[in-house]
Amino acid sequence: MGLLVAAASAVVETGPATGLADVARRAGVSKGAVQHHFASKLELLLAVVEAGWSDLIEQPAIISDDMALFDRVDV
């Protein structure tokens, strides 16, 4: 599991107070590895939000108004 996915998963389960150690455990890496890529927990959380925002912006491109509501939600 990648760091951003692990961080997003941790935030969903425990909220933004989740620690870097929990993120590292979920990702299968050391806490130092997380700190190597992200200088702070805030930087990591901002990266999660940015990735989610990018996914949200790209989502409408694959959703058609002609699709049934169930199919649009399931995308």
Going 7 Å from the Cα of residue 31 in the Cα-to-Cβ direction, what parts of the range 1-19 have a backbone nitrogen less than 15 Å from that spot? 18-19
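If you take the beta carbon distance between residue 42 and residue 68 as r and set R0 to 30 Å, what does 1/(1 + (r/R0)^6) give as a FRET efficiency, to the nearest 0.05?
0.15
Values quoted throughout were computed directly from the atomic coordinates according to the rules given, and no laboratory measurement underlies them. If you're wondering where the values come from, they're calculated on a predicted model, not measured in any experiment. Reconstructed Cβ throughout: ideal geometry from the backbone, glycine too, with neighbour counts over all protein chains shown.
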